[in-house]
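Enquirer: Below is one structure. I have some questions about it.
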Amino acid sequence: MNMTDEWLSLSDAAKLLGVHPSTVRLWSDKGAIPVHKTQGGHRRYKRSEILLWAETNSKSQTEALAPEGMMNEVVKNVRMQISEGRLQAESWYQKLDEDARAQYRMSARSLFQGMMTYVATNGEEAATEAYAIGYEYASRARRYQLSYVDAARAFLFFRDTLVESVVKVYSEANVPPKRATEMYTKIHTFTDDILISLLETYRKLEHANH
């Protein structure tokens, strides 16, 4: 058999393209890459078709379809929502001076960057990242004299904005429901760990000052 007509598994196709298997799975589900199904429902790829596809698709196109690329679109959408004045309506935000408000807007970046890292690394070292972000939110709330409840509200505002943006971007990209559900689950798992870290850290800092 000619080498270029060799059949590849999903993981083999991912290695050939230099991307994570989950990225190839997403491309396959979107119909963006040539894929064949066995009678047992397994994905198979022809080496020749994959090589041709790689040659005719630019790096920017493939990155846009990857989970990491889609998260970049999500972050852009989040920034747009925040800039539209939604923060001004939040009760906890109204209690802050301008310097504190700027710090909170900047703190949103750590959440979004952490989420992007979580997706790109398939969740590796997620617990450490979640703890660090939770600690950051808790210490900032204490520094600006926000209550325990307001600290949680501040984090949940950014978390909910992130989730809304993921729903919007994934819906517009026609991502299959199964893949979208997997992403929503990842977001909630990661951000739940952050919230737990935030609450635990806030109480520890509060007790340390008494």
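Enquirer: Please go through the residue pairs 15/76; 95/178; 15/168; 15/178 and name each one whose alpha carbons sit more than 32 Å apart in this structure.
Expert: 95/178
Enquirer: On to the next question. Between residue 105 and residue 185, 0.36 nm times their residue separation minus their Cα-Cα distance comes to what?
Expert: Values: separation 80, 0.36 × 80 = 28.80 nm, distance 2.50 nm.
Answer, rounded to one decimal: 26.3 nm.
Every number in this text was worked out from the coordinates using simple rules, so none of it is lab data. All of these numbers come straight from a predicted model, not from anything done at the bench.
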